[in-house]
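To start, the structure itself, in structure tokens.
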Amino acid sequence: MIAYNLRVEQQLTPNLAFSVAYSGYRGYHELVIGDKNQVRPTICAAALGNCPAGMPDGSKFYPATIRRANPQLAADKTLSSLGYSSYNALLAELTRRFSQGLTFRANYTLGKVLDINSSTAGIGNRGGFTLYDATNPRLDCGVANYDVRNRFGMSGTY
């Protein structure tokens, strides 16, 4: 995992401070399940004459005669480290200090988490999620199920 952040703090008055920050991470080699023997699609190429009617060049399709990579085996579930995730957030915080030790703090986070397999059936939840296309895991990338887009917090100490 690679983590990074940048924070800028500014004292607005003797008792009031404001900070804004950017924070993020990128995770690599996360575990995913894929079928290494899945049926592979055919790429439509008009020059080869293999395109169904109305299908543009470069499109993927599954002809009726298609076979698995190894026809002697059925589908499998192979665990591999092709997964990745990313988190990006903007954080803002306002701190107000009062006399005799009373302090209030308010903060807001706007964030987004993307990953490959945190769906409710994902591997992290012991489910049966399998990559749509084991040769291209990016097709399964989307907003993570643990994504919290907006978060506001307030606290005080005395």
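Only the coordinates and a few stated rules stand behind these numbers; no lab work does. Not measured: the values here are computed from a predicted model. With ideal geometry, Cβ positions are generated from the backbone for all residues, glycine too; neighbour counts draw on all protein chains shown.
Cut-off 10 angstrom, C-alpha nodes, Gaussian network model of the chain. Which of 135, 103, 78 fluctuates the most?
103
If the rule is a partner Cβ under 4.7 Å, which cysteines in the chain fail it?
Cysteines of the chain left without a disulfide-compatible partner: 141.
Cut-off is 10 Å between beta-carbons; in what order do 104, 152 appear when sorted fewest neighbours first?
Numbers: 104 14, 152 9.
Arranged by neighbour count, lowest to highest, 104, 152 become 152, 104.
At a Cα cut-off below 23 Å, give the lysines reachable from residue 36, other chains included and same-chain residues fewer than 8 away excluded.
Cross-link targets: 60, 77.
What is the percent of Cα-Cα separations in the stretch 1-75 that go past 15 Å?
Values: 2073 of 2775 pairs.
Here the tail beyond 15 Å accounts for 75 percent of pairs.
Of all the C-alpha pairs in the stretch 32-71, what % are more than 16 Å from each other? Walk me through the intermediate numbers first.
Details: 326 of 780 pairs.
Taking all Cα-Cα pairs of the stretch 32-71, the fraction more than 16 Å apart is 42 percent.
At most 10 other Cβ atoms within 10 Å and a DSSP loop assignment: could you name the chymotrypsin sites (Phe, Trp or Tyr not before Pro) in the stretch 1-100 that fit? Show your work: numbers first, answer last.
Numbers: sites: 4, 18, 22, 25, 28, 61, 84, 87, 98; in loops: 98.
Passing sites in the stretch 1-100 do not exist.
Order these by the 10 Å Cβ neighbour count, fewest first: 85, 99. Spell out each step's value before the answer.
On the way: 85 18, 99 6.
Ranked by crowding around the Cβ, least crowded first: 99, 85.
Throw me the Rg/Rh for the chain, computed over C-alpha atoms with Kirkwood Rh, two decimals. Walk me through the numbers on the way to the answer.
On the way: Rg = 24.7 Å, Rh = 19.9 Å.
On the Cα set of the chain, Rg over Rh gives 1.24.
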